[in-house]
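The values are calculated or read from the model by the stated rules, or taken from the named source; none is laboratory data. Because the structure is predicted, anything quoted here is derived from the model rather than measured. Note that we place each Cβ from the backbone using ideal geometry, even for glycine, and neighbour counts take in every protein chain shown.
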Amino acid sequence: MSTTTTTYPKQTSSVSAESIQIERRSNLSYEEFKKEYLFPRKPVIITDATAKWKASNWTPEWFKKTFPDKMVSTDFGEMRMDEFIDAITADTDKPGPFLREQPLAEVFPELIDNVLPTPSYVTPNWLGGNYLVGPITQRLNRESHIEVNFCGRRIFPYLHIDDLGVHAFITQHYGDKHFVVYPPDQEPYLYRVNKDRFSQIPDVDNPDLEKFPLFAQAKPIRIVLHAGESVFMPCGWWHTTRVPGTSLSTVISVSNSSNWSELVNYLENNSNHPKLAPLFSMYLRTIGFFKRIFN
Ligand SMILES: O=C(O)CCC(=O)C(=O)O
Ligand SMILES: [Fe+2]
């Protein structure tokens, strides 16, 4: 989910900050998920979505023992895995390195079977597959990868909504993760960077209210995701995170009939070929129409 300059249409949800509590659910059937959360675009924490994943046993020590000399790409540059784990488990207030938004299949191809079976909640997922137009296929497939976030105590670098109008399904494997979440109706108070998907507010817990006075009116929803739990973050919901200690999580991005129109609008508004963009949009809407029938 890269930080390119983009235009992003206003998004909606039937849920507002006044009415929401983020529920914890287990044994949630797909039908219930669809009706209560996916289509209403309401976040939910699911406590047992990935119970069968081998990734449930991931720990920093296990990564250090299993891949000691593997080079990983962090925001402090390339590092050996054993040094990386030492740095993110050290008891220090200084921010350590962050292995951020790295595709699992590229960084740890041997661990792909650790995130199976795919939970029904992230299906169908239309981000994979071949769309017969190279740039469209590449753009969608880029978001279809499971990403890893691995770090020590720190805040996520930005309050944002996700790229391409996707929903995110974030699973915590190790440690706790504190989320600060704002429904789409809070956007007027969040100082969105013009035509982009980021807020100008660097730290929502220490905002500069002289510079960002309207932010005082924003109503955050706070949740803590524990190891073994997943959160469904619908498209258009603003979120950022903070971890009090070592944290390891994965993110699956999802697009299907519940948010396909956001993806199509996004691509149309950000096309490098403005003249062709309406044609591509029509093409993708038609594909969506048929996928909806056959999925
Ligand atoms: O896992 C996190 O801390 C946040 C991930 C996220 O929001 C993202 O990758 O877009
Ligand atoms: Fe995100």
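Candidates are the residues of region 181-211 that are away from ligand 1 (no atom under 14 Å from the Cβ), among the polar types (S, T, N, Q) and at pLDDT 95 or above; the one that is nearest to Asp91 (Cα to Cα) is Gln200. Within region 158-191, being part of a helix (DSSP H, G or I) and under 18 Å from Asp203 (Cα atoms) holds for Gln186, Glu187, Pro188, Tyr189. Scanning region 254-289 for residues that are part of a loop (DSSP other than H, G, I, E, B) and crowded, with 20+ Cβ neighbours inside 10 Å turns up Ser255, Asn256, Asn259. For region 216-247, the set of residues classified as within 12 Å of ligand 1 (Cβ to nearest atom) and in contact with a Leu (Cβ under 9 Å, 6 or more places away or on another chain) consists of Val231, Cys235, Trp238, His239, Thr240, Thr241, listed by residue number. Quick check: is even one residue across region 167-180 of a type in the set (A, V, I, L, M), out of contact with any helix residue (DSSP H, G or I) (no Cβ under 7 Å at 6 or more places or on another chain), near ligand 1 (Cβ under 9 Å from one of its atoms) and at negative phi? Checked region 167-180: at least one residue is of a type in the set (A, V, I, L, M), out of contact with any helix residue (DSSP H, G or I) (no Cβ under 7 Å at 6 or more places or on another chain), near ligand 1 (Cβ under 9 Å from one of its atoms) and at negative phi. Within region 136-166, if we keep just the residues that are more than 19 Å from Arg197 (Cα to Cα) and free of Cβ contacts under 8 Å to residues at least 40 places away in the same chain, the residue that is farthest from ligand 1 (Cβ to nearest atom) turns out to be Thr137.
This table checks each residue for (1) of a type in the set (Val, Ile, Thr); (2) within 14 Å of ligand 2 (Cβ to nearest atom).
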| position | (1), (2) |
| --- | --- |
| Val224 | yes, no |
| Glu229 | no, no |
| Cys235 | no, yes |
| Thr240 | yes, yes |
| Ser247 | no, no |
| Val251 | yes, yes |
| Val254 | yes, yes |
| Ser261 | no, no |
| Asn265 | no, no |
